[in-house]
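Derivation of every value follows stated rules applied to the coordinates shown; laboratory data play no part. Since we're looking at a predicted model, the values are computed, not measured. Here the Cβ is made from the backbone with ideal geometry for all residues, glycine too, and neighbour counts use every protein chain on show.
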Amino acid sequence: MKYIPTIGLEIHAELKTKTKMFCDSKNNPAEKKPNINICPVCVAHPGTLPVINKEAVKHILKIGIAIGGNLADFTEFDRKNYFYPDIPKGYQISQYKYPLVSGGNLAGIAITRVHLEEDTARVIHDKENSLIDFNRAGIPLMEMVTEPIIKNAAQAVFFAKELQLLLRTLAVGGANMEKGEMRVEANVSLREVADDSSHFSVPLGTKVEVKNLNSFRAVEHAIDFEIKRQESILKNSEKVIQETRGWNEDKQQTFSQRLKEGSEDYRYFPDPDLPKLQISAIKEFSKENLKKEIPELPREKRERYKNNFGLKIDDANMFVRDPYLAKLFDEIIEKFEKNKELIKLASNYITTDIAGFMKIDKSLDKKLHKNISAKNFTELISMIYENKVSSRGAKNILNEMYERGGDPAKIAEEKNLFQRSDESELKKIVEKIISENERVIKDFKSGKESSLQFLIGQGMKETNCSANPEILKKLFIDFLK
C-alpha cells in the first residue's frame with residue numbers, strides 16, 4: 001500500500017492601505033511602539049460602528065483579475081465568532097458565504113476563494129506576562145484558499161512564492177513573511193491507495209491544519225514532517241485525529257494545539273453594522289477600470305523573456321523575482337532595440353556577475369542602484385560585443401563599475417583594458433612567456449593540450465587581460481610549430 005499526500009493552503013496577507021479595514025487608524029505594520037495606531041473602533045469600544053475600507057476591497061478585486069477568478073457582484077461581510085485575547089470584539093469581521101473572488105488559478109494550482117477580513121491583535125508572551133499590542137488589530141487581511149490538490153512541500157512553497165511575487169507586483173502588499181505580513185496555513189492529509197492509478201477514486205484522508213507558518217523554510221519542513229508523522233500513524237493501524245497543530249522551529253516538528261473547528265463552530269452570520277455591496281454599482285470596480293491598473297504579471301513577464309529572447313527559465317525567473325534586475329533588464333531591452341544577440345549577452349553577464357555581487361554582499365542594493373545603470377551597462381556590453389575588451393577585461397571593468405560607478409570606456413582606458421590585437425606588439429609578449437616556461441613548452445610539444453591554455457592565461461596576465469585571447473592562441477601555436 002502507498003500513502004498519497006493531499007495538501008491545501010490557506011494564506012493570509014496584510015494589504016497596503018493608508019488606514020485599517022474598518023476605521024481610520026493608521027495601517028503601519030512597522031510601528032514599534034505598542035498601541036499607538038488604535039481607536040475606539042479597532043479596540044471594540046461599545047457603540048462604535050465599522051466603515052468598509054474601499055481601497056482594500058479594490059486590492060482583492062485586482063488579485064481576482066490577476067488569477068483569472070470570478071469577481072462577485074453581490075458580497076457581504078460576516079461575523080466569525082470565537083473568543084481569544086487578540087480579538088477584542090469576541091468576533092472577527094470576515095467573509096463566509098459571499099467572498100469577493102471565487103475560482104481562479106495561480107502557478108497551476110486551482111483557487112477556491114479569495115476573501116477580505118480584518119487582522120487580529122498581536123499577543124506577546126514573556127516569562128511572567130502575556131501582553132497585547134492592538135496596532136495590528138483591524139489591518140486589512142486577504143485570505144486565499146486553494147483547492148486540496150497540492151502534492152508535496154516543494155509545490156506548496158513554489159505556490160507561496162508565486163503569491164508573494166504577485167502581491168508585490170500588484171503593489172497591494174509587501175508580503176514579508178519575516179515581518180508577519182504573510183502567513184501560511186497548510187491542510188495536510190494522507191490517503192491509502194493500492195497504486196498511483198487508483199488514488200483518484202479513494203476519498204481524502206483526515207485533514208490536519210498546521211497554522212502560522214512564517215517562512216518558506218517553515219512551510220517546507222512542516223509539511224514534510226506532517227506527512228511523515230501521519231504516515232507513521234497509519235502504518236501502525238491507528239487513526240489520524242482532525243486537529244490544529246503548530247510548528248516548533250527549534251524542534252523541527254509540529255505539535256497539537258486544539259481539535260479542529262468546523263465552520264459551524266464559528267456561528268457565522270452577516271454583520272448587521274456593514275452594508276451589502278453590489279460591485280457592479282461601483283464604477284471604479286468594473287473589470288475594465290481595474291485592468292488598467294494591473295501591470296505586466298509575473299507569468300506574462302516570464303513568458304516574454306523566454307519566448308522573445310530565448311532566456312533559460314532560471315534566468316527569466318531571476319529577472320521576474322528581483323525588481324532591480326527586472327528594471328535593469330527591461331531598460332537594456334529598450335536600449336538595444338530588441339537585438340537578441342546583445343540582449344542575451346547582457347543577460348549572461350547579469351545572471352553571473354551581477355548575481356554574484358548579490359550573493360557576496362547582502363547589503364548592496366544601494367550600491368547597485370547607484371553605480372550600475374542601464375546606460376553604463378549597455379555601453380560595456382557593446383564593448384564586449386565589438387571585441388573592444390576581452391571577457392576577463394569586461395569582468396574587471398564591471399567590478400570597478402560596481403565599486404565606484406563610472407563610464408566603462410574611461411575605466412578601460414585608465415586600467416589599460418582595451419583589447420590589444422596588434423600581432424607585432426603581442427609577439428614580444430609571447431616570446432617572453434615562451435622563454436620563461438620551458439617545461440610547459442615541452443609538455444605542449446608532447447601533446448598536453450592544457451599547456452596551451454596555461455600559456456594564454458600567462459599572456460592575459462602579462463597584458464592585464466587586455467590581449468585578444470584568440471590572437472594570443474594563434475601566435476603561441478605559430479611559435480611552437
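Below is a table of values for the structure above.
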quantity	calculated
The stretch 160-246: relative contact order as a whole-number percent, Cα under 8 Å and 6+ apart	28
Nearby lysines by direct alpha-carbon distance to K461 (threshold 20 angstrom, same-chain neighbours under 8 apart not counted)	K388, K395, K415, K427, K428, K432, K473, K474
Angle in degrees between helix 391-404 and the longest Cα principal axis of the chain, rounded to the nearest 10	50
Ascending count of other beta-carbon atoms within 10 Å, so fewest first, for F77, F309	F309, F77
Degrees between helix 340-349 axis and first principal axis of the chain (Cα, 0 to 90, nearest 10)	80
Anisotropy class of the stretch 215-314 from Cα gyration tensor, a/c 1.5 cut	oblate
Helix 450-462 axis, angle to the chain major axis (alpha carbon atoms, nearest 10°)	90
The chain, helix-only ellipticity at 222 nm - DSSP H runs n ≥ 4, -39,500 (n - 2.57), divided by all residues, nearest 500	-12500 deg cm²/dmol
Label point distance in nm, R299-A154, each placed 7 Å from Cα along Cα→Cβ	2.1
Likely footprinting exposure, S451, S390, S446, S232, fewest C-beta neighbours within 10 Å first	S446, S232, S451, S390
Difference of contour (0.36 nm per residue) and Cα-Cα distance, K445 to E334	35.0 nm
Theoretical gain in end-to-end length, N81 to L49 [0.36 nm per residue, Cα-Cα removed]	9.8 nm
Fewest-first sequence of K327, K211, K370, K58 by Cβ atoms within 10 Å of each Cβ	K370, K327, K211, K58
Label point distance in nm, N416-S130, each placed 7 Å from Cα along Cα→Cβ	7.3
Label-reachable residues, the stretch 459-481, where backbone N falls under 13 Å from a point 7 Å from K427's Cα toward its Cβ	475-476, 478-479
Relative contact order (percent, whole number), the stretch 2-291, Cα cutoff 8 Å, 6+ residue spacing	24
Volume per residue that the Cα convex hull of the stretch 1-109 spans, once the total is divided by residue count, Å³	186
The chain: Rg to Rh, with Rh as the Kirkwood radius over Cα pairs	1.11
Approximate spin-label separation N105-I241, in nm, with each point projected 7 Å along Cα-to-Cβ	4.0
Within the stretch 2-291, percent of DSSP bridges classed antiparallel, to nearest 5	95
Sites E438 and N307, calculated FRET efficiency, Cβ-Cβ separation with R0 45 Å, nearest 0.05	0.25
